[in-house]
Amino acid sequence: MSGSLRVVIGDTWQPRLLPYFAMAMMGLMLITNVLNLKFVNIGGLSVIASQLTYVFALVLADIMAEVYGYRRVRRLLYVGLAFLVFYAICLQAAVELPPARDYPNDQAFRTIFSQTPRIVAASIAAFFVTELVNSFVMSHLKIRARARYFYGRAVASVGTAQIVNGITFFGIAFAGVMPLSLIASAASLSWMLVMLCEVIILPLTKRLAMRVKTAEGVEHYDRQPANS
């Protein structure tokens, strides 16, 4: 931990950059839910298109948990969850409402955006619990390690969160519809791809996190570290 940073415990300080991260997180939530509508072919593998946003989501989640702590991120996630539900309701309302007389693309709109409630629930729940678990583990390990071992903490938090993500999304979306072996295979592939991305971008993530810490001027802990 840099000696130039002021150590703060809990929510006793006012972040300057957090609103920008909050807006980015909300945007990623919405983009991810749209990309969940399509599977793409990457190297012969069928991958859900929202994997494309995971690199950005991982960087953002690790930085926010490291700099601002679990409690602040948790409150933002509650707001994000509310707006994801509102987004889903508004989108389905637009699907069900009759089109304007001269609107020619109603069938295409319905084809793309008509989602079963089960898929919508799986997508929203998975994003929410994944970010929640990632932030909790990252913050908890930071307290135990006194802000050391960033790489290990980031890998552990993302790895744990992605296990929860696979169980939540694939379980809610496809349990009873697809064979359990196929669900496990798809979830495992998703986990491996995310972890590969996480390892590749870790140096960038750490550099950005340190710059944000420097800009804020604090080393934040959700609670007092042991032996301090």
Task: Convex hull projection area averaged over all views, region 15-137, Cα basis, nm² - done: 9.3
Open item on the list: Run lengths n ≥ 4 of DSSP H only: what is the helix-derived mean residue ellipticity at 222 nm for the chain, with -39500 (n - 2.57) per run over all residues, to the nearest 500?
Closed with: -25000 deg cm²/dmol
Task: 14 Å beta-carbon shell around Ala156, net charge (K/R +1, D/E -1) - done: +1
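Could you give the DSSP H helices of the chain that reach 15 angstrom or more along their long axis (alpha carbon positions) and whose average Kyte-Doolittle hydropathy is no lower than -0.5? Don't skip to the answer; put the middle values down first.
Values: long enough: 18-35 (25 Å, 1.69); 51-68 (25 Å, 1.38); 70-96 (38 Å, 0.97); 117-145 (41 Å, 1.01); 150-174 (35 Å, 1.12); 180-216 (47 Å, 1.16).
The answer, listed by residue number, is 18-35, 51-68, 70-96, 117-145, 150-174, 180-216.
Using 0.36 nm times the number of residues separating Arg144 and Arg71, minus their current alpha carbon distance, what extension gain do you get? List each step's numbers first, then the result.
Numbers: separation 73, 0.36 × 73 = 26.28 nm, distance 1.64 nm.
Gain on stretching Arg144 to Arg71: 24.6 nm.
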- [ ] Could you calculate the FRET efficiency of Lys38 with Val7 from 1/(1 + (r/R0)^6), where r is the beta carbon distance between them and R0 is 45 Å, rounded to 0.05?
- [x] 0.50
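Between beta-carbons, use under 14 Å as the cut-off and find the net charge around Ala215, counting Lys and Arg +1, Asp and Glu -1.
Value of the local net charge: +2.
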- [ ] Using R₀ = 25 Å, calculate the FRET efficiency as 1/(1 + (r/R₀)^6) where r is the Cβ-Cβ separation of Ser185 and Val55; round to 0.05.
- [x] 0.65
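Return Leu60, Leu5, Leu196 ranked ascending by Cβ neighbour count within 10 Å, so the fewest neighbours appear first. It would help to have the intermediate numbers written out before the result.
Values: Leu60 19, Leu5 16, Leu196 10.
Lowest to highest Cβ neighbour count: Leu196, Leu5, Leu60.
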Task: For the chain, with +1 on Lys and Arg beta carbons and -1 on Asp and Glu, the positive-most of Tyr221, Leu5, Val164 along the dipole - done: Leu5
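Order of Leu182, Leu76 from fewest to most other C-beta atoms within 10 Å?
On the way: Leu182 12, Leu76 20.
In increasing order of surrounding Cβ atoms, one gets Leu182, Leu76.
Based on the alpha carbons, how large is the Rg to Rh ratio for the chain when Rh follows Kirkwood? Provide the component values of the computation, followed by the final result.
Numbers: Rg = 19.4 Å, Rh = 18.9 Å.
So for the chain, dividing Rg by the Kirkwood Rh gives 1.03.
Based on DSSP, what percent of beta bridges with both residues in the chain are antiparallel, to the nearest 5? Could the numbers behind the result be given before it?
On the way: 4 of 9 bridges.
Counting only bridges with both partners in the chain, antiparallel ones make up about 45 percent.
Bear in mind that the values in this text are calculations on the coordinates, not laboratory data. From a predicted model like this one, the values you see are computed outputs, not experimental measurements. Glycine gets a Cβ as well: all are built from the backbone with ideal geometry, and neighbour counts include every protein chain shown.
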